[in-house]
Amino acid sequence: METYGNTEAPSAVANLSERARQTADTASEALNSAKQTARAALDTGRVFATEAVNAAGQKLDDVKGQVDGLTERTARYVAEKPIQALAITAAAGFVFALALSGLRRDR
């Protein structure tokens with residue numbers, strides 16, 4: 001057993017203190033590394049999310065443009081050929097009604 005009068009006690013305390021400092025340094029380095037990894041993952045996720053939102057927005061704009069073009073062509077067709085447009089609408093309504101009545105009978 002060591003006593004305070006023994007010269008080995010101060011060196012053991014110093015050795016223990018050095019080991020504690022090294023352990024703290026290692027833990028600090030590991031924490032910093034984990035923080036950097038987490039930041040990199042977060043940045044990658046942000047970039048991915050931003051690109052996905054931008055791509056979805058572009059697709060939505062493309063679809064809106066197609067719908068606008070179709071609306072214009074339909075309005076022009078109705079203005080140029082109102083009787084044919086009415087006949088097409090009536091036929092489409094008839095087919096839709098038949099489809100609905102067929103679905104109701106199946107139940």
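Each value in this text was obtained by applying a stated rule to the coordinates, not by laboratory testing. Since the structure is predicted, the reported quantities are computational estimates derived from the model, not experimental observations. We place every Cβ from the backbone using ideal geometry, glycine too, and count neighbours over all the protein chains shown.
In terms of the Cα gyration tensor, with a ≥ b ≥ c the square roots of its eigenvalues, is the stretch 8-106 rounded because a/c is under 1.5, prolate because a/b exceeds b/c, or oblate? In terms of gyration-tensor shape, oblate. Shown here for the stretch 1-98: GluC sites (Glu not before Pro) in loop regions (DSSP other than H, G, I, E, B) with at most 16 other Cβ atoms within 10 Å, namely 2.
Against the longest principal axis of the chain, how steep is helix 82-106, in degrees 0 to 90 to the nearest 10, with axes from Cα atoms? Tilt of helix 82-106: around 60 degrees.
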